[in-house]
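What follows is calculated from the coordinates using simple rules that are stated; it is not laboratory data. Remember, predicted model here, so these are calculated numbers, not experimental data. No Cβ is skipped: glycine too gets one built from the backbone with ideal geometry, and neighbour counts run over all protein chains shown.
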Amino acid sequence: MDGLFAHVHAATRRTLAATGLREIEAPEQVCCGALHAHAGLLEDAREQARRNIAAFESTDCDWIITDSAGCGAGLRDYPAWFADEPEWRERAEAIAVRVRDVTEILAAEMGRAGQSRMASGDLPILEGRVGYDAPCHLHHGQGVRQEPLDVLRALPGLDVEALPSSDQCCGGAGMYNLEHPELATRIRAPKLAEVQRGGFDWIATGNPGCIMYLGAGLVRSGDQTPVVHPVELVDRAWS
């Protein structure tokens, strides 16, 4: 996310600030470790988790907010990573219950903030159709299903529709598309066809791997429909 999607982090910070939330830095945090776990490097993943647990323990924040579904799923899974280490498991549990996807927070907060902007005459600048595709790490891994749609549908001017296969994998699946590219391509193909039939102005999904894998498939097929994070559309509407 830091390397390729810093603009999503910036959009997240702006939208959360617009709702009145105060950001607290945890400067000692590192990679969540999910990619290490996907690669089977479990001890490396646990070491990353230990550093993050200590970093977040040093803050007095109410929520640990992430704009990457894979990271959120990893953070919420920390207790399972320490199943055989009771002390670290207890500390991991205290962190995991504070983890929220950005859309969970925005769904609860942005109604009030959006109404304030409408009342002041600050109208949204976006109009068009949005196709939403749910990241597996968000929909299945974290059980966050309705909030991203609620956030997008709270933006006047947008017609938001979940893709028919929204609850199914796009084929990216962490490192799966690198290890099994032919099968991943076949998994992605029906979803690309749904996008192309839908006449969407944007495709929104909340995980960097999904954004890249769907986006690459569309570009290769000659379709220029942009794939964005939901928070980017909120940020554009409120900018």
Q) Which whole-Hz couplings ³J(HN,Hα) result when phi for each residue of segment 6-18 is put into the Karplus expression 6.51 cos²θ - 1.76 cosθ + 1.60, θ = phi - 60°, listed in order with x for Gly and Pro? A) 4, 5, 6, 4, 5, 5, 4, 4, 5, 5, 5, 5, 5
Q. For the chain, what relative contact order do you get, as a whole percent, if you take Cα pairs closer than 8 Å and at least 6 residues apart?
A. 21 percent
**Q.** Ranked by how many other beta carbons lie within 10 Å on average, peptides 157-164, 174-181 from highest
**A.** 157-164, 174-181
Q: Identify, among 213, 166, 142, the residue whose Cα sits farthest towards the positive end of the charge dipole of segment 133-239, taking +1 on the Cβ of Lys and Arg and -1 on the Cβ of Asp and Glu, with the dipole about the Cα centre.
A: 213
Q) Can you give the relative contact order of segment 124-238 as a percent, counting alpha carbon pairs under 8 Å and 6+ residues apart? A) 34 percent
Q: Measure out, as a whole number of angstrom, how far apart the alpha-carbon centroids of segment 214-239 and segment 47-102 sit.
A: 29 Å
**Q.** For residue 132, distant residues with modelled amide H under 5 Å away
**A.** 161, 162, 163, 204
Q. If we sort 165-173, 196-204 on the protection proxy, mean other Cβ atoms within 10 Å, highest first, what's the order?
A. 165-173, 196-204
Q.
Given axes a ≥ b ≥ c from the Cα gyration tensor, I'd like to know whether the chain is rounded (a/c under 1.5), prolate (a/b larger than b/c) or oblate.
A. oblate
**Q.** Placed amide H near residue 100: partners under 5 Å, 5+ positions off or other chain
**A.** 64, 65, 66
